[in-house]
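The values are calculated or read from the model by the stated rules, or taken from the named source; none is laboratory data. Computed from a predicted model, the values in this text were never measured in an experiment. Every residue, glycine among them, receives a Cβ derived from its backbone with ideal geometry; neighbour counts consider all protein chains shown.
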């Protein structure tokens with residue numbers, strides 16, 4: 001989690017320069033960043049409470065330190081232009097063969113918190129499958145290669161870079177996506 005001071009200079013019609021808010025996602029310099037854990041049983045309300053707790057404990061003090069000149073804004077990589085859609089959309093794509101179970105679960109649970117009805121997805125046969133929830137699959141009776149999936153009862157089990165995650169058919173995925181996976185199941 002980080003605070004972003006997102007402002008940019010613009011030229012006005014009278015040729016003066018003024019500051020205005022930078023509406024691009026992560027467009028400004030970073031005031032401060034804090035890490036926090038997302039636990040196995042956390043949901044969006046738990047995440048919101050964790051973020052509120054961090055802000056309550058740190059924001060006022062960080063702003064005071066910034067105004068006193070004791071901490072400086074950290075510039076973001078200025079070689080990459082900020083975007084409100086391109087990178088944001090790419091980050092939402094789940095890549096089971098490249099990401100760990102924790103990374104996948106954290107982003108599936110985080111995006112709807114950041115923006116309601118903004119869900120992560122994976123692609124199969126050029127079709128975008130939206131996932132609304134995901135969990136770890138801790139049983140050791142399943143061996144799935146990274147990037148592959150199998151269906152076990154009412155769940156789809158996906159092999160990740162370091163383990164297995166599961167999605168409930170027709171609950172965590174829509175009807176159409178669930179049916180496509182059922183019909184294309186290799187096992």
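Here are the numbers for this structure:
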| item | result |
| --- | --- |
| The range 176-187 residues that are surrounded by 11 or more Cβ atoms within 10 Å (Cβ to Cβ), paired with ones that are modelled with pLDDT under 80 (beta carbon under 9 Å, 6 or more apart) | none |
| Cross-chain or 6+ apart pairs with Cβ under 6 Å, the range 107-128 first and surrounded by 14 or more Cβ atoms within 10 Å (Cβ to Cβ), then in a loop (DSSP other than H, G, I, E, B) and at pLDDT 85 or above | 108/134; 119/132; 120/94; 122/94 |
| Test: residue in the range 129-142 that is crowded, with 19+ Cβ neighbours inside 10 Å, at pLDDT below 90 and in contact with a strand residue (DSSP E or B) (Cβ under 7 Å, 6 or more places away or on another chain) | yes |
| Strands (runs of 3 or more DSSP E) fully within the range 1-97 counting 1 or more residues that are modelled with pLDDT of 85 or more | none |
| Residue count for the range 157-170, restricted to those that are under 20 Å from the mean Cα position of the chain (by Cα), surrounded by 14 or more Cβ atoms within 10 Å (Cβ to Cβ) and assigned to a loop (DSSP other than H, G, I, E, B) | 3 |
